[in-house]
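Worksheet for the structure shown next.
The values are calculated or read from the model by the stated rules, or taken from the named source; none is laboratory data. What you are looking at is a predicted structure, and each value in this text was computed from that prediction instead of being measured. Every residue, glycine as well, gets a Cβ built from its backbone with ideal geometry; the counts of neighbours run over all protein chains shown. Heavy atoms of the whole protein, side chains included, go into the accessibility calculation; ligands, DNA and RNA do not. Shrake-Rupley method; radii C 1.70, N 1.55, O 1.52, S 1.80 Å.
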Amino acid sequence: MAYKLPADCLNEIFENLEQNKPALHSCLLVNRLWCRTSVRILWRNVLNFNSSDISRQSKVESSILHMLIACLPNKSKKLLSENRIVSFSTFTPPLFNYAAYCKVLPIYRIIKIVENVYINQFGKLLVLDKIFQMFTSQISSLKKLIYPYNKKYQDKHKITFSLAEFPGARELSELCCGSDISPNFFRFPLTEFPGARKLSELRCGSNIPSEFFQQLSQISHNLRTIFIDFNGLKGLEGLEELISKQKNLKNLAMSTFDVSWENVIPALKSQSNTITKLHLYSNNICLPLSFVSFFINLQEVIFSFPPDDGVDDDFIENFVKIEASHFPRLQVLKIPFQRPKPE
């Protein structure tokens, strides 16, 4: 008789395959134990799948959407069927409640998949509405929410997705939102949202209303990673407050094409002892860099400044201002596009 690994051992093995979607999918087909153990890991971030084969990518996305629709409650299925949007005659009952296993929710990716499958605009909106309703009622513990990065994109699809209506987001640890997100996202006070207290990662634009950052700064003091795309001035005041309130900020990434990050530099001084990883990206080689010398415990630094027509003198001049600084723990220094001239 073949020896069978216990479920906890299998789980440990499958956890190491989380990024290997094809391998995890194969595990589903071995036997019932392997299927039950691997399905939760596969669906944790099931939409994090990319293939160079466009046909295969489309097939996988359609399959995921098919399974999500199969998991819809009967009331939603009836509505979709009555409006002749989905024919459930070809659907078989799902083996699992796949939607409940999702821990990462990329709203924009779900919209894109639905757009690719359904032509009728009313059908798209109704399918999206029912899927989002299912997520908010079925996901008990959401870890990462990626909100659409463009308000026009949200308005086109009439997205009314709000954290206030999502009890499962109470344990949210990562929030990614754009620079011009829908007012629906702000129709509740963040101070009344327990999940915001546990946030460890924030990716956002600087043009979000300052109120968002100000509310977040009242309750979220343990962010470990902040990624800021400087694309407007609307939220800079609140952003400064949020940065200065952090107790253990480790990773900071900033990018800009039109707006300077100069206004948040005073707030960054408050994080001089904690930041260990810094990534700066811009096409503006005249941006101030001297503030980098504040971060005495840096272990990794990346300067991504594509040269303007091959002219990099301004970047070199700015780099000279910090090259004399002492970073005793620095292990990685990357300058992909520029090469400061050695003395």
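In region 298-316, the residue that is farthest from residue 327 (Cα to Cα) out of those that are modelled with pLDDT of 75 or more and surrounded by 15 or more Cβ atoms within 10 Å (Cβ to Cβ) is 305.
Okay, residues lined up against (1) at pLDDT 65 or above; (2) open to solvent by less than 30 Å² (accessible area, probe 1.4 Å); (3) not assigned by the TED database to the domain that holds residue 83:
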site: 110; (1), (2), (3): yes, yes, no
site: 173; (1), (2), (3): yes, no, yes
site: 208; (1), (2), (3): yes, yes, yes
site: 214; (1), (2), (3): yes, no, yes
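Summed over region 241-262, the residues that are outside any loop (DSSP other than H, G, I, E, B) and within 26 Å of residue 330 (Cα to Cα) give a count of 9. Among the residues of region 141-148, none qualifies, meaning not one is open to solvent by 50 Å² or more (accessible area, probe 1.4 Å), basic (Lys, Arg) and assigned to a helix (DSSP H, G or I). Residue 133 meets each of the listed conditions (1) part of a loop (DSSP other than H, G, I, E, B); (2) in contact with a helix residue (DSSP H, G or I) (Cβ under 8 Å, 6 or more places away or on another chain) apart from (1).
Checking each residue in region 99-108 for being part of a helix (DSSP H, G or I) and either open to solvent by 10 Å² or more (accessible area, probe 1.4 Å) or touching a Cys at 6+ places or on another chain (Cβ under 9 Å) (or both) picks out 99, 100, 101, 108.
Could you look through region 284-296, keep only residues that are assigned to a loop (DSSP other than H, G, I, E, B), at pLDDT 80 or above and open to solvent by less than 30 Å² (accessible area, probe 1.4 Å), and pick out the one that is nearest to residue 269 (Cα to Cα)? Ranking the candidates gives 295 first.
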